[in-house]
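Contents: one structure, followed by commentary.
The values are calculated or read from the model by the stated rules, or taken from the named source; none is laboratory data. Being a predicted model, the structure only gives us computed values, none of them experimental. Note that we place each Cβ from the backbone using ideal geometry, even for glycine, and neighbour counts take in every protein chain shown.
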Amino acid sequence: MNTAGTPLSRRFLTQRKSRRGQSLILVFFILVALGGVLALTFDFGFVLLARRQMQTGVDAAALEGLQHSTQMRESARDLLRLNFDDDLDVSQNDTTIGAGLASGLTTGDGFRNVTYDDGSLGTAGILANRSNYLYRPNGFELNTGNERHGDIVVGSYDGTDAQHDESADYQRSDFTASTGGDSVLVRMRRTHDPDALDEVDDVSSNGGGIPILLGHFSFLSATQSAEPFSIRRDGMTTRATSIAASRPMVCVFASSSAAVYPLLPFTILSDGVTDTWRDTPLVDLYTDDPDDTGVPPQDLQPLRCSIGIQVAGTATTAPIDPVGYVAVVDASGRIVGFRLFEATPALHRSDSARLQDAWPSLESLSESDRQAVRDANRDAGLDLGQAAALVRSMP
């Protein structure tokens with residue numbers, strides 16, 4: 001068509017007509033891409049939530065296990081199970097508390113086909129029975145053989161320069177499995193068990209990968225059913241690992257419960273060689289007494305006794321078969337640590353190695369006094385008691 005003599009306005013209108021509809025095609029592809037991103041964001045949100053729930057569980061279990069040296073594995077396992085239960089009865093649970101979606105929620109061949117549940121309930125049926133589609137670690141293993149890939153591993157922690165990493169066979173550079181160690185590692189995993197280490201009787205348990213939901217309608221790679229791994233079939237892998245190690249006690253929380261070790265009205269003056277027992281009024285050990293009335297306010301439970309507190313006392317004979325916590329003081333009468341005189345069977349402990357629990361007392365000291373207390377707290381010669389502290393927590 002010869003447009004040499006065509007007016008400019010007519011040529012412009014002709015070109016606009018030839019490009020009409022192109023923006024609709026562009027918008028279509030953008031919406032498809034955004035839909036895929038939204039689907040993955042939705043599914044990865046479930047993964048992050050599950051991992052945080054798992055991490056909370058193993059952190060609490062590691063601390064609980066190390067606090068009970070005679071029943072370390074059982075204590076860690078029981079607390080982990082109860083962390084995902086609302087009525088403290090793991091035999092039944094009809095709430096939505098769990099460690100992510102259960103792997104059995106979706107089934108498929110790893111290619112294009114996917115079924116939610118077995119396809120018979122439908123969306124309404126799955127929602128009505130959603131408590132059945134959450135993973136709970138009821139089959140958590142004790143790992144009595146102390147294999148390094150177990151759910152609960154006793155060992156020795158050395159994290160001075162070591163990296164917080166873990167190989168495919170669960171070898172770590174900061175933790176060595178050893179039945180005589182003073183540390184405990186607790187892990188949860190949601191994997192498809194490619195190396196057959198994640199689901200071994202009395203060693204390790206596995207909840208299966210976290211299933212994808214909207215991701216099935218996205219651009220996630222589809223594989224044939226014979227492939228060893230398919231994210232559509234096997235879900236997404238996540239793990240949570242926590243290590244608790246023994247550290248000197250810096251704080252004791254007093255309790256009136258008969259099931260908890262009491263805080264005894266004594267102190268021990270120790271220089272690392274000689275111990276002198278002293279009578280010390282119990283109320284002097286409490287820090288939550290802002291009005292200086294001698295009676296701590298009742299709304300500040302539990303009451304805290306920590307390093308850095310200055311106390312007085314009179315020399316006395318050692319009590320016969322004491323049971324509970326006794327504060328250890330230096331020559332100035334300042335508390336630098338605690339000892340625990342245990343009972344059989346063991347009571348519940350209420351001590352802490354977290355420095356932040358002792359900070360209300362330490363911050364009132366001068367920098368030099370504060371450092372002296374902390375140095376004494378780390379003095380092995382004073383025979384100070386140990387408490388559990390989280391040293392590694394991997395979300």
- Collect the residues in the range 73-101 that are hydrophobic (A, V, I, L, M, F, W, C), outside any strand (DSSP E or B) and buried (at least 19 other Cβ atoms within 10 Å of the Cβ), keeping them in residue-number order. Ala76, Leu79, Leu80, Phe84, Ala99
- Task: List the strands (runs of 3 or more DSSP E) that sit entirely inside the range 232-278 and contain at least 2 residues that are of a type in the set (Lys, Arg).
- Result: 238-248
- Message: Pull out all pairs, ordered by first then second residue, where Cβ-Cβ is under 6 Å, the residues are six or more apart or on different chains, the first lies in the range 135-149 and is of a type in the set (Asp, Glu), and the second is part of a loop (DSSP other than H, G, I, E, B) and surrounded by fewer than 18 Cβ atoms within 10 Å (Cβ to Cβ).
- Response: Glu141/Asp202
- Is there a residue being touching an Asp or Glu at 6+ places or on another chain (Cβ under 7 Å), surrounded by 12 or more Cβ atoms within 10 Å (Cβ to Cβ) and either of a type outside the set (Ser, Thr, Tyr) or at pLDDT 75 or above (or both) anywhere in the range 113-126? yes
- Could you tell me which residue of the range 14-62 is modelled with the lowest pLDDT, considering only residues that are farther than 18 Å from Ile212 by Cα and β-branched (Val, Ile, Thr)? Thr14
- Being surrounded by 14 or more Cβ atoms within 10 Å (Cβ to Cβ) and outside any helix (DSSP H, G or I) narrows it down to one of Ala388, Ala376, Ala358, so name that one. Ala388
